[in-house]
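What follows is a set of notes on a single structure, which appears directly below.
Any read-out appearing in this document is the output of simple, stated calculations on the displayed coordinates, not a laboratory observation. From a predicted model like this one, the values you see are computed outputs, not experimental measurements. Note that we place each Cβ from the backbone using ideal geometry, even for glycine, and neighbour counts take in every protein chain shown.
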Amino acid sequence: MNQSQAKLVRARWVLPVTAPPVRDGAVLVVGKCIAGVDTYKSLVLIAPPRVERLEFPESMVLPGLVNPHTHLENTHFAQVIRRPQPFGRWLRQMVRLVRKQTFDAAIAAAREGAQQLLRYGVTTVGEFSRWGASFVALQEAGIRGVVFKEFICLSDEEEPTGSAKLWEWLQAVRSQGSPLLKVGVGPHAPYTVTPSAFRQVVQLADELGLPLCTHAAESPAERALVERRKGLWRLWLGAVLRDAPLGLSPLRYLDWLGVLREGTLLVHCVQVDDEDITLLSQRPVWVVHCPRSNANLQVGTMPLAKMLSAGVKVCLATDGLASVDSLSPLDELRFVQRLFASQGAFAFSLSPAQWLRMVTINAAEALGMARETGSLEEGKRADIAVFPVNATEEPEEALIASACEAILTMVDGHIAWRAE
Ligand SMILES: [Zn+2]
């Protein structure tokens, strides 16, 4: 045991997430890993003599939060894009902004976004990257996660160049190696990648054993286009789906392409019917719910209660700052709780502890990182967030109710952010 690297983080509450809260608890960190989670009294007996003590008597210690869907390269678009506005208009404004963006602008935006994540206690992220710039920014900031490289292919003629570029980027990043970051593929959406190009990307991901993330069933316009080649986007994007079968919902279409496989994250899934929900429950995929983004882009409300009742695996993410007001998973949690309550009476409800799993262990599992992070457990990597919430009882409820930033964020045993 390297004593100089040992830290004992003590707080009024420790919330391991996969075990009940511990009053006057502590987390013992040795090097990059968690060496114990227990009451302070018990841990202090086994801590090395020169352990560094970090004491937070009016706060709570959590596993670092996991935000499984962001677009950090869009951070600066928050200043210019209109929100709320209908999705179609938003998308056109985004296309104009993206065309003007440079790599330098993207990396500056991603650096700022990464710092915001740390401030909100996020230690693991699922980032959708257009340029690869956010990979660099996340690496600099020392944040864990998966960077999904965005792939758009509006015609089969573009496919060989697009696939070659994707492959080159993946190879370059993988050969360089990064202790905290993994890579994945991000075919953008069913309406921005042709069927044959989509299949190529799935095949590439399967061959390299990579996770895949795509936006799916987000808006009524997408559904009308994919299922019936109707609606507002027919002239704009109809040609992309020239070789796709008619009559399949976006999710059934993705299943037809082989996308609904182990290691796939489906972001949004708002426009779904009962058959789609059954399909999702039968496939080894994760649904990534971004309710504030859905509200801002006026695409409808994901039937969360129905999905959970059917056994669909759901986690929660903020999406990027072009469609949402903060990168805070706790803000998202507060919003979704209110939304869930306003949807009326359901056969079941979720406890604050279950809600908290959606931004910790469930999201880590969705990203294939639950062995390393997502809960406070001995042997896991030391990803920790301390929140200034002083609760006497019901710590999970108090945490979700309080709009606050972290006072300390640790990734892999290293303090990546600390409030002044
Ligand atoms: Zn997105």
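With respect to the chain, whose longest principal axis is taken over its alpha-carbon atoms, helix 103-119 is tilted by about 40°.
Between the amide H of LYS313 and those of VAL287, distances stay under 5 Å, these residues lying 5 or more places away or on another chain, with hydrogens modeled in the peptide plane.
Can you give me the C-alpha center-to-center distance between segment 244-299 and segment 360-420, rounded to a whole angstrom? Taking the Cα centre of each part, segment 244-299 and segment 360-420 sit 29 Å apart.
Looking at segment 103-134, none of the trypsin sites (Lys or Arg not before Pro) sits in a DSSP loop with at most 15 other Cβ atoms within 10 Å of its own Cβ.
Judged by the mean number of other Cβ atoms found within 10 Å, the most tightly packed of the peptides 259-270, 71-82 leads the ranking 259-270, 71-82. Rounded if a/c is under 1.5, else prolate if a/b is larger than b/c, else oblate: which is segment 77-165, with a ≥ b ≥ c the root eigenvalues of its Cα gyration tensor? Verdict is oblate for segment 77-165. Taking amide H atoms as placed 1.01 Å from N in the peptide plane, the amide H of ARG53 lies under 5 Å from those of LEU8, each 5 or more residues away in sequence or on another chain. Using θ = phi - 60° in the Karplus curve 6.51 cos²θ - 1.76 cosθ + 1.60, the 3J(HN,Hα) couplings for segment 354-362 round to 5, 4, 4, 4, 5, 10, 10, 5, 5 Hz; x is entered for Gly and Pro.
Karplus-derived 3J(HN,Hα) values for segment 304-315, using 6.51 cos²θ - 1.76 cosθ + 1.60 with θ = phi - 60°, are 4, 4, 4, 5, 5, 4, 7, x, 6, 7, 10, 10 Hz; glycine and proline are entered as x. Computed from Cα positions, the angle between helix 195-208 and the longest principal axis of the chain comes to roughly 30 degrees. 3J(HN,Hα) along segment 69-81: 8, 9, 10, 5, 5, 9, 3, 6, 5, 4, 6, 10, 7 Hz, from the Karplus curve 6.51 cos²θ - 1.76 cosθ + 1.60 with θ = phi - 60°, whole Hz, x for Gly and Pro. Taking amide H atoms as placed 1.01 Å from N in the peptide plane, the amide H of VAL183 lies under 5 Å from those of VAL147, each 5 or more residues away in sequence or on another chain. Note on GLN343 and ASP206: their simple-model spin labels are 3.2 nm apart, each label 7 Å out from Cα toward Cβ. The angle between the Cα long axis of helix 159-176 and the longest principal axis of the Cα atoms of the chain comes to about 20 degrees, rounded to the nearest 10.
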